[in-house]
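What follows is a single structure, written as structure tokens, with notes after it.
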Amino acid sequence: MIDVKLPPGVEILGEMKAEYSHILSYEALSLVAKLSRHFAPSRLQLLEKRRVRAAQLDQGEKLDFLPETAHIRSSPWTIAALPKALECRRVEITGPVERKMIINALNSGADSYMSDFEDSNTPNWRNQIEGQINLYDAVRRTISFEQKTKHYRLNERIATLLVRPRGWHLDEKHVLVDGQRISGGIFDFALFMFHNAKEQIARGAGPYFYLPKMESHLEARLWNDIFVMTQTELGLPQGTIRATVLIETIMAAFEMDEILYELREHSAGLNAGRWDYIFSCIKKFKNDQDFCLADRAKVTMTAPFMRAYALLLLQTCHKRQAPAIGGMAALIPIKNDAAKNEIAMAGVRSDKARDASDGYDGGWVAHPGLVDLAMAEFKNVLGEAPNQIQKQLTEFSATPEELLNFKPEAPITEAGLRYNINVGIHYLGAWLDGNGCVPIHHLMEDAATAEISRSQVWQWIRSSKGVLEDGRKITADLVRSLIAEELAKVQEVAGQGASYLRAATIFEAMSTSVDFVEFLTLPLYEEI
């Protein structure tokens with residue numbers, strides 16, 4: 001531990017290593033503290049609004065487009081013109097802020113790289129601060145990594161960097177301002193901005209972000225207000241910051257125009273965050289006895305509610321001259337089985353071909369080995385054009401009924417139930433060990449996909465339609481009996497570490513408890 005001078009009212013509860021001191025400088029923490037003090041009340045009020053809205057849905061209130069913002073949806077406005085660095089985003093690769101991952105992603109041949117402090121990252125103190133150090137070095141192109149006989153360096157051409165801070169619901173418990181935990185998202189954003197914004201501008205790009213988990217345009221307004229104050233504090237022109245919003249909650253799907261409008265001077269479009277979106281649908285309708293989704297693998301982008309959401313996002317973005325970025329293909333290359341690998345690669349091709357032909361300007365992949373495959377599908381449609389914002393879906397409309405047409409409801413299989421339990425235990429165990437992005441059963445799992453697995457189990461227990469195809473009702477007792485069996489399978493693959501035993505206990509509590517845990521990362525965070 002080293003002693004550092006801290007701004008008044010700021011406490012650091014995490015370990016202060018010597019190499020952390022330049023990131024956690026007095027000046028950088030002063031910006032963190034100023035933003036935290038100014039915006040903490042608004043953040044807490046918005047989180048309370050979420051709870052109130054969720055309770056209203058639990059009581060049967062229907063979702064619809066907001067009547068009070070109809071004028072925004074009908075007016076002919078557009079977002080500010082895109083910076084050159086964000087005009088072409090045909091393939092974006094994502095991954096945590098780990099040093100080797102950053103180098104490989106920037107070198108991958110993708111147009112953009114979303115470096116992630118959120119769902120693919122366990123937010124322990126070391127990951128958060130070393131992630132900031134890694135990005136500091138990456139922006140300056142001094143980042144390197146040594147591994148046995150291999151030496152990692154950046155290529156001459158690299159992807160455009162975007163950064164995803166944590167969502168509004170997550171705290172940073174290792175930093176207190178005036179005795180209170182601060183927002184994890186503000187902490188991640190402020191440190192990155194302070195250290196890198198001017199350097200990025202000098203190098204021909206700028207500070208570009210992804211904003212996760214929002215449920216309303218008022219939450220987007222809060223980010224916009226933070227952008228305005230931060231640019232003023234750092235002496236940057238307004239509009240320097242650009243942000244893409246992930247539409248990954250069912251609530252936000254009804255406010256896409258409004259979200260773009262709130263961020264219009266700082267907007268870089270929307271992204272179809274499909275996995276969190278499915279989780280959000282399960283969470284918001286968890287107590288509806290008529291709601292039920294089939295096995296996770298059966299709920300694809302061609303499901304009625306997912307198709308309506310995807311096309312509405314595309315239409316909304318292009319109407320506002322904003323990029324529409326498709327979601328993640330969770331499939332990854334399978335090295336030791338050519339037949340299975342070809343099936344997986346065909347799935348990625350189909351996913352990206354659908355996005356491109358619909359009109360999307362790009363899409364996500366989770367592995368460098370998928371960049372060329374995905375790029376080929378977008379180039380088949382776009383040629384060398386940077387995007388297809390000019391493609392307007394003028395004849396399309398999405399009704400609330402279409403957005404809420406939750407199918408398929410069947411089949412629910414024992415194999416699907418076991419899969420959810422297995423993935424849940426495996427992912428939670430890895431997360432506790434510090435790894436938030438884990439290949440499991442040839443898919444890249446992060447918090448979003450794990451959320452689907454555990455929330456489906458909870459909801460199947462309670463839904464009248466939560467019945468296996470062989471006629472058995474899914475019950476808490478059935479789930480408990482399968483947890484023991486699936487834990488043994490996980491341990492065969494991942495080892496006998498205590499984290500997996502703990503993960504099984506946590507998964508059982510989350511999936512069988514009376515109350516639904518809003519985000520699995522909330523109780524997990526208290527354990528690291």
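The values are calculated or read from the model by the stated rules, or taken from the named source; none is laboratory data. On a predicted model such as this, the values are computed, not experimentally measured, just so you know. Using ideal geometry, Cβ is built from the backbone for each residue, glycine included, and neighbour counts are taken over all protein chains shown.
Within segment 92-105, is even one residue farther than 30 Å from ILE332 by Cα and either of a type in the set (D, E, K, R) or within 25 Å of the chain's Cα centre (by Cα) (or both)?
no
Which residue out of ALA55, ALA81 is outside the structural domain of PHE519 (by TED's automatic domain parsing), out of contact with any strand residue (DSSP E or B) (no Cβ under 7 Å at 6 or more places or on another chain), of a type outside the set (Phe, Trp, Tyr) and not in a loop (DSSP other than H, G, I, E, B)?
Exactly one residue qualifies, and that residue is ALA55.
Among the residues of segment 351-374, how many are surrounded by 20 or more Cβ atoms within 10 Å (Cβ to Cβ), of a type in the set (Gly, Ala, Ser) and more than 24 Å from ALA303 (Cα to Cα)?
0
Tell me the residue from ILE23, ILE2, ILE103 that is touching a residue at least 24 places away in the same chain (Cβ under 8 Å) and either touching a helix residue (DSSP H, G or I) at 6+ places or on another chain (Cβ under 7 Å) or surrounded by fewer than 16 Cβ atoms within 10 Å (Cβ to Cβ) (or both), please.
When all the criteria are applied, what remains is ILE23.
Which pairs turn up if I take residues in segment 126-143 that are assigned by TED's automatic domain parsing to the domain that holds ARG157 and on the phi < 0 side of the Ramachandran plot and look for partners that are among the polar types (S, T, N, Q) and assigned to a helix (DSSP H, G or I) with beta carbon separation below 6 Å, at least 6 apart in sequence or on another chain?
Here the result reads VAL139/ASN196; VAL139/GLN200, each pair linking segment 126-143 to a residue that is among the polar types (S, T, N, Q) and assigned to a helix (DSSP H, G or I).
Report the residue count in segment 502-523 for those that are of a type outside the set (Asp, Glu) and either assigned to a loop (DSSP other than H, G, I, E, B) or without any contact (Cβ under 8 Å) to a residue 24 or more places away in the chain (or both).
Of the residues in that region, 9 qualify.
Just to check your reading of the model, which residue among ASP116, ASP58, ASP111, ASP137 is at pLDDT below 95 and surrounded by 14 or more Cβ atoms within 10 Å (Cβ to Cβ)?
Answer to the selection: ASP58.
Would you call LYS319 surrounded by fewer than 22 Cβ atoms within 10 Å (Cβ to Cβ) and within 30 Å of VAL423 (Cα to Cα)?
So LYS319 does not fit the description; no.
Output yes when any residue across segment 248-264 is of a type outside the set (A, V, I, L, M, F, W, C), at negative phi and within 17 Å of the chain's Cα centre (by Cα), and no when none is.
Checked segment 248-264: at least one residue is of a type outside the set (A, V, I, L, M, F, W, C), at negative phi and within 17 Å of the chain's Cα centre (by Cα).
If only one of LYS391, LYS407 is within 18 Å of THR302 (Cα to Cα), in a loop (DSSP other than H, G, I, E, B) and in contact (Cβ under 8 Å) with a residue 60 or more places away in the chain, which one is it?
Answer to the check: LYS407.
For segment 208-229, name all the residues that are in a helix (DSSP H, G or I) and either under 16 Å from ARG164 (Cα atoms) or within 23 Å of the chain's Cα centre (by Cα) (or both).
HIS217, LEU218, GLU219, ALA220, ARG221, LEU222, TRP223, ASN224, ASP225, ILE226, PHE227
With the requirement that a residue be within 19 Å of LEU191 (Cα to Cα) and either assigned to a loop (DSSP other than H, G, I, E, B) or not aliphatic (A, V, I, L, M) (or both), what does segment 139-159 give you?
ARG140, ARG141, THR142, ILE143
State which residue pairs qualify: first residue on the phi > 0 side of the Ramachandran plot and inside segment 229-247, second residue in a loop (DSSP other than H, G, I, E, B) in any location, beta carbons under 7 Å apart, and separation of 6 or more residues or different chains.
As it stands, the answer is GLY239/ALA80; GLY239/GLU265; GLY239/HIS266, since those pairs meet every condition given.
Mind checking which residues of segment 1-17 are modelled with pLDDT under 95 and either under 15 Å from GLU27 (Cβ atoms) or not in a loop (DSSP other than H, G, I, E, B) (or both)?
VAL4, LYS5, listed by residue number.
Just for segment 160-193: of the residues that are among the acidic types (Asp, Glu) and not in a loop (DSSP other than H, G, I, E, B), which one is farthest from PRO523 (Cα to Cα)?
So, considering only residues that are among the acidic types (Asp, Glu) and not in a loop (DSSP other than H, G, I, E, B), the one farthest from PRO523 (Cα to Cα) is ASP188.
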